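Quick note: the coordinates plus some simple rules give every number you see, no bench work behind them. These numbers come from a predicted model, not from an experiment. Every residue, glycine among them, receives a Cβ derived from its backbone with ideal geometry; neighbour counts consider all protein chains shown.
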């Protein structure tokens, strides 16, 4: 998968600074796509609407109505590729007069690129994957990002943020509870108390941060000082 695609998968907005190269590599229309978008199947602005549905789903794993706006450079590229006049349309909503047409275009785009929606069959698989990812995820947001790539790799349309976030929170909480249970089972109470006391103790030096806050601070740029700091954190743990 292109690194360009990875930049857009799961995003709820596209950068206004989207470059021409990124548009061509990630959102480009093939000759076969343009053939499919010609009349009599699609006419007028419906051609542009269907084209937006197609390229956005293929590049991001989401239908375009999940985004707050469309970059002008993308619209210029699509209208030019379709042989249409430039348009000032800024959103997908303004391309459609009724929801039925938009739904038909979404269905066509999914069939065209081989995507499917998450249903009763695939949702349990997603829940299992989240359970596995939660063992190494550092946060709910990290877990959501991993699940988005898992969905994209399996050609599944990314659900709304609330759906994924609720599932990720559940999986993350279950992993945390399992970890707590393991500690309580395997570690003597005195060692647990000693570890907690150390984690919340103040570190020497400016700032007055606790050991736990220090451990949670992300590493800086690559270099000797960063390597030394990370080594100290490993030793502390």
Report the full-extension gain for the segment residue 191 to residue 122: residue separation times 0.36 nm, less the Cα-Cα distance, to one decimal in nm.
20.6 nm
Rank the residues 180, 144, 34 as a footprinting-exposure proxy: fewest other Cβ atoms within 10 Å of their Cβ go first.
180, 34, 144
Expressed to two decimals, segment 3-113 has a Cα Rg over Rh, using the Kirkwood radius, of 0.91
Peptides 11-20, 184-193, 152-161 ordered by average Cβ neighbours within 10 Å, highest first:
152-161, 11-20, 184-193
Highest-MSF residue in the chain out of 100, 33, 128 [GNM, Cα springs under 10 Å]:
100
Pick out which of 62, 203, 169 has the largest mean-square fluctuation in a Gaussian network model of the chain, springs linking Cα atoms closer than 10 Å.
203
With N residues in segment 111-177, Rg(alpha-carbon) / (2.2 N^0.38 Å) equals 1.08
Over the chain: helical MRE at 222 nm, DSSP H runs n ≥ 4 each giving -39500 (n - 2.57), nearest 500
-18500 deg cm²/dmol
For the pair residue 136 and residue 17, the simple spin-label estimate (label points 7 Å beyond Cα toward Cβ) gives in nm 3.1
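Hey, any idea what Rg/Rh is for segment 15-59, computing Rh the Kirkwood way over Cα pairs? Display every interim value, and only then the final one.
Working: Rg = 11.4 Å, Rh = 11.2 Å.
Dividing the radius of gyration by the Kirkwood radius yields 1.02.
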So the FRET efficiency between residue 166 and residue 229, C-beta based with R0 = 30 Å and rounded to 0.05, is 0.25
Name the most mobile residue of 179, 194, 168, meaning the one with the largest mean-square fluctuation, in a Gaussian network model of the chain with Cα contacts below 10 Å.
194
What does the extension gain come out to for residue 209 and residue 174, with contour length at 0.36 nm per residue minus their alpha carbon separation?
9.7 nm
